[in-house]
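Following: one structure in structure tokens, then a few remarks.
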Amino acid sequence: MSMSHTIIVIFGGQSGEHEVSLVSAQSVLKAIDQSRFNVQTIGISKEGKWYWGIDPRKWEESGSIVDSNAMQVTLVHDPSAPRFISLSKTDLPNQGKFDLIFPILHGPFGEDGTIQGLFEMANAPYVGSGVLGGSLGMDKDRMKAVFSTAGLPMAKSITVLRSQYKTDAEPILYRIETELGYPCFIKPANLGSSVGISKASNREELKASIELASCYDRKLVIEENIVGREIEVAVLGNESPEASVPGEILPAHDFYDYEAKYLDTGSRLLIPAPLEEKTIKELQTMAVKAFQAVEASGLSRVDFFVTTDQKIYVNEINTMPGFTQISMYPKLWDATGIPYTELVDRLITLGLERYKDLRNRRISR
Ligand SMILES: Nc1ncnc2c1ncn2[C@@H]1O[C@H](COP(=O)(O)OP(=O)(O)O)[C@@H](O)[C@H]1O
Ligand SMILES: [Mg+2]
């Protein structure tokens, strides 16, 4: 790769994980080899507008990544010349042209295939999963469907539509109580960072939890409670992905909720997780299977529960896992022998390779 490679790092975004994305972006910007890449940034505001040349650290000072001087830009839908343009008609460096987009966005509109669809339409190479991988990974209900087809073990679950529940709650409550029992977990199907998720121990709590999750999504996933350790494995690659050593989360709270994840420092990571060799191998095989089941590319973190008798359950896949220097994903690779800077490098290469592979096809008859 030559110095002429321009990488556009995009962060922020409209999801509840806006701030997490800013912290991840800071780490990536620090780690990218600036002598080999020409790096530009775009910050997406919480309203969904894109601004050029944003410093993600700005949020810490002023509570927002943009000010009144910020230059709004947009990705041009011109497949023959992928580029950004300024909406204020100001010239962008290198006419806004670039070689690769590195989206560091979590949750809806960033990790769910939507922005990836925009990149595809503009013929822009980018890091990470495509439309299908992102959307399957984001929707916990559809994710379970493909995991199940791949033979991956999971907690028993029931999918409930908000509209069904509003029409006739009783049979749904009855089914949850008889098939899953208490405690159970109630989750909005399409979200992340534990937002809208709760654990219910009786019917009152179950009803309140369904009401809460219904504020976030039209579709909910209710799961039986799994008593086990929380183990995570990082996956890297495109069509021949590799798995890292497993890591363990020691949550400070009853479960790994939003506060435990981002607000208090009580939760600890144990890397590598102390596990039997046989369990480690199984976890790694399952992580790769999960990655391939949703057709992810580039990177993903696959999360598991492991019970005291070594039974494994896949919990979920995250196609754009937290990427700060202290996040599980980079730490797992570091422990496996790929330090942070090299990891960023590999992701860039994987993004370029995937683009080449995708374009290498016949379009007409
Ligand atoms: N079926 C379950 N049994 C036990 N704990 C669970 C279960 N589902 C979720 N949890 C707890 O809730 C946390 C968040 O759930 P998760 O499905 O990972 O949501 P998110 O996509 O928001 O990370 C998990 O890390 C775990 O601590
Ligand atoms: Mg999770």
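The values are calculated or read from the model by the stated rules, or taken from the named source; none is laboratory data. These figures come from a predicted structure and were not determined experimentally. Note that each Cβ is placed from the backbone with ideal geometry, even for glycine, and that neighbours are counted across all protein chains shown.
Here are the numbers for this structure:
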| item | result |
| --- | --- |
| Per-region count, the stretch 293-331, residues within 14 Å of Val233 (Cα to Cα), assigned to a helix (DSSP H, G or I), more than 15 Å from ligand 2 (Cβ to nearest atom) and not basic (Lys, Arg) | 1 |
| Residue in the stretch 333-350 that is within 16 Å of ligand 2 (Cβ to nearest atom) and in the same structural domain as Glu232 (by TED's automatic domain parsing) present | no |
| Condition check for Leu191: surrounded by 15 or more Cβ atoms within 10 Å (Cβ to Cβ) and part of a loop (DSSP other than H, G, I, E, B) | yes |
| Residue in the stretch 300-321 that is over 18 Å from Glu230 (Cα atoms), out of contact with any Leu (no Cβ under 7 Å at 6 or more places or on another chain), in contact (Cβ under 8 Å) with a residue 24 or more places away in the chain and away from ligand 1 (no atom under 13 Å from the Cβ) present | no |
| Qualifying residue in the stretch 188-199 (condition: at pLDDT 95 or above, away from ligand 2 (no atom under 16 Å from the Cβ) and out of contact with any Leu (no Cβ under 6 Å at 6 or more places or on another chain)) | no |
| Filter result for Phe305 (buried (at least 18 other Cβ atoms within 10 Å of the Cβ) and in contact with a Pro (Cβ under 7 Å, 6 or more places away or on another chain)) | no |
| Pick from the stretch 315-365, criterion farther than 18 Å from Ile249 by Cα and among the hydroxyl-bearing types (Ser, Thr, Tyr), ranking: surrounded by the most Cβ atoms within 10 Å (Cβ to Cβ) | Thr319 |
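Yes/no matrix, rows are residues, columns are (1) in the same structural domain as Gln292 (by TED's automatic domain parsing); (2) touching a residue at least 24 places away in the same chain (Cβ under 8 Å); (3) not charged (D, E, K, R):
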site	(1), (2), (3)
Val39	no, yes, yes
Gly53	no, no, yes
Trp59	no, yes, yes
Val73	no, yes, yes
Leu87	no, no, yes
Pro93	no, yes, yes
Lys97	no, yes, no
Leu100	no, yes, yes
Met121	no, yes, yes
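Let's see how each residue does on (1) away from ligand 1 (no atom under 12 Å from the Cβ); (2) in contact (Cβ under 8 Å) with a residue 60 or more places away in the chain; (3) over 25 Å from Val288 (Cβ atoms):
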site: Ile176; (1), (2), (3): yes, no, yes
site: Glu204; (1), (2), (3): yes, no, yes
site: Glu224; (1), (2), (3): no, yes, yes
site: Ile231; (1), (2), (3): no, yes, no
site: Ala234; (1), (2), (3): yes, yes, no
site: Pro246; (1), (2), (3): yes, yes, no
